[in-house]
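Note sheet for the following structure.
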Amino acid sequence: MASIAREVIWRYRPVALWFTFLGTINIMTLYADILPAGTTVSWLHSVYKILLTPHETNGLLGMFSAVGAPDSGPPRHVHENEDETIHIVDGEAEFWLEGETFRRGAGDTVFVPRGREHAFHIVSNTPARFITCLTPGGFESFFAAAARDGLQIPQHGKELNALAGQYGCRFTGPPIRQR
């Protein structure tokens, strides 16, 4: 019964990730949408593709690829629920992690623990390609929701923060460099 309930929850606009333990069902983490692997969306200056969903990993992992334009990057933000591992495939980015700034390029990997304020800015003259793993999964659908709602930075700050909150994220400041 629990596996059927879990399947229904994942497939039909889930509002919760459910785990079973000794025959009980517990609500662990809230998510607004879980989109299927292969979903590709263009939002702001990047193209995102969902590679793995929490549905495919029993909630343990979400993974997406991103191709970001030169001289772009997200505002400072915090993921409350997930650790973030970013592997740079191509390009170079400047990272900001709670006041520490460092550069990483193709072949490098950056780990951002949950609850830590961070951002990055693409400094290469060519687009940067990333593979990002989120543990546990769920946030990878955020970009499609923001694009669907037509949200822009900084024009829609209030709406963007409300949406991010549904994914356990909060924006805390401006990008580390302004476009």
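Within the bounds of region 96-108, is there any residue that is more than 17 Å from the chain's Cα centre (by Cα), open to solvent by less than 30 Å² (accessible area, probe 1.4 Å) and over 27 Å from PRO54 (Cα atoms)? Lay out the reasoning, then the answer.
Within region 96-108, the subset more than 17 Å from the chain's Cα centre (by Cα) is 98-108.
With open to solvent by less than 30 Å² (accessible area, probe 1.4 Å) added as a condition, the list becomes 105.
Among the residues that remain, those that are also over 27 Å from PRO54 (Cα atoms) are: 105.
Within region 96-108 (the criterion being more than 17 Å from the chain's Cα centre (by Cα), open to solvent by less than 30 Å² (accessible area, probe 1.4 Å) and over 27 Å from PRO54 (Cα atoms)), the answer is yes, since at least one residue qualifies.
Among the residues in region 139-147, are any in contact with an Asp or Glu (Cβ under 7 Å, 6 or more places away or on another chain) and over 14 Å from TYR48 (Cβ atoms)? Lay out the reasoning, then the answer.
Of region 139-147, the ones in contact with an Asp or Glu (Cβ under 7 Å, 6 or more places away or on another chain) are 139, 141, 145.
Pick out the ones that are also over 14 Å from TYR48 (Cβ atoms) and you get none.
Checked region 139-147: no residue is in contact with an Asp or Glu (Cβ under 7 Å, 6 or more places away or on another chain) and over 14 Å from TYR48 (Cβ atoms).
Which pairs turn up if I take residues in region 102-113 that are touching a residue at least 60 places away in the same chain (Cβ under 8 Å) and look for partners that are aromatic (Phe, Trp, Tyr) and open to solvent by 60 Å² or more (accessible area, probe 1.4 Å) with beta carbon separation below 8 Å, at least 6 apart in sequence or on another chain?
Every condition considered, no pair remains.
Within region 140-158, take every residue that is of a type in the set (D, E, K, R) and open to solvent by 20 Å² or more (accessible area, probe 1.4 Å) and give me the one that is nearest to PHE64 (Cα to Cα).
Quick first cut of region 140-158, residues of a type in the set (D, E, K, R) only: 140, 148-149, 158.
Now drop any that are not open to solvent by 20 Å² or more (accessible area, probe 1.4 Å), which leaves 148-149, 158.
Values: ARG148: 17, ASP149: 20, LYS158: 25 Å.
It comes out as ARG148.
For region 135-161, enumerate the residues that are within 15 Å of the chain's Cα centre (by Cα), farther than 14 Å from LEU44 by Cβ and part of a helix (DSSP H, G or I). Talk me through it step by step, then tell me what you get.
Filtering region 135-161 down to residues within 15 Å of the chain's Cα centre (by Cα) leaves 135-147, 160-161.
Now restrict to residues that are farther than 14 Å from LEU44 by Cβ: 135-141, 161.
PHE139, GLU140, SER141, ASN161 - these are the residues of region 135-161 that are within 15 Å of the chain's Cα centre (by Cα), farther than 14 Å from LEU44 by Cβ and part of a helix (DSSP H, G or I).
Would you confirm whether or not region 123-130 contains a residue that is charged (D, E, K, R), open to solvent by 60 Å² or more (accessible area, probe 1.4 Å) and either assigned to a loop (DSSP other than H, G, I, E, B) or without any contact (Cβ under 8 Å) to a residue 12 or more places away in the chain (or both)? Lay out the reasoning, then the answer.
Residues of region 123-130 charged (D, E, K, R): 129.
This time we only want the ones that are open to solvent by 60 Å² or more (accessible area, probe 1.4 Å), so: 129.
Now drop any that are not either assigned to a loop (DSSP other than H, G, I, E, B) or without any contact (Cβ under 8 Å) to a residue 12 or more places away in the chain (or both), which leaves none.
Within region 123-130, not a single residue is charged (D, E, K, R), open to solvent by 60 Å² or more (accessible area, probe 1.4 Å) and either assigned to a loop (DSSP other than H, G, I, E, B) or without any contact (Cβ under 8 Å) to a residue 12 or more places away in the chain (or both).
Being open to solvent by less than 10 Å² (accessible area, probe 1.4 Å) and in a strand (DSSP E or B) is the filter here, so list the residues in region 76-94 that pass it. If you could, list the steps in order and put the result at the bottom.
The initial filter retains those residues of region 76-94 that are open to solvent by less than 10 Å² (accessible area, probe 1.4 Å), namely 78-79, 82, 86, 88, 93.
Within region 76-94, VAL78, HIS79, ILE86, ILE88, ALA93 qualify.
The values are calculated or read from the model by the stated rules, or taken from the named source; none is laboratory data. In this text, all values refer to a predicted model and were calculated from it rather than measured experimentally. All Cβ positions, even for glycine, are placed from backbone atoms using ideal geometry, and neighbour counts span all protein chains on display. Note: accessible area is taken over every heavy atom of the protein model, side chains too, but ligands, DNA and RNA are not part of it. Shrake-Rupley method; radii C 1.70, N 1.55, O 1.52, S 1.80 Å.
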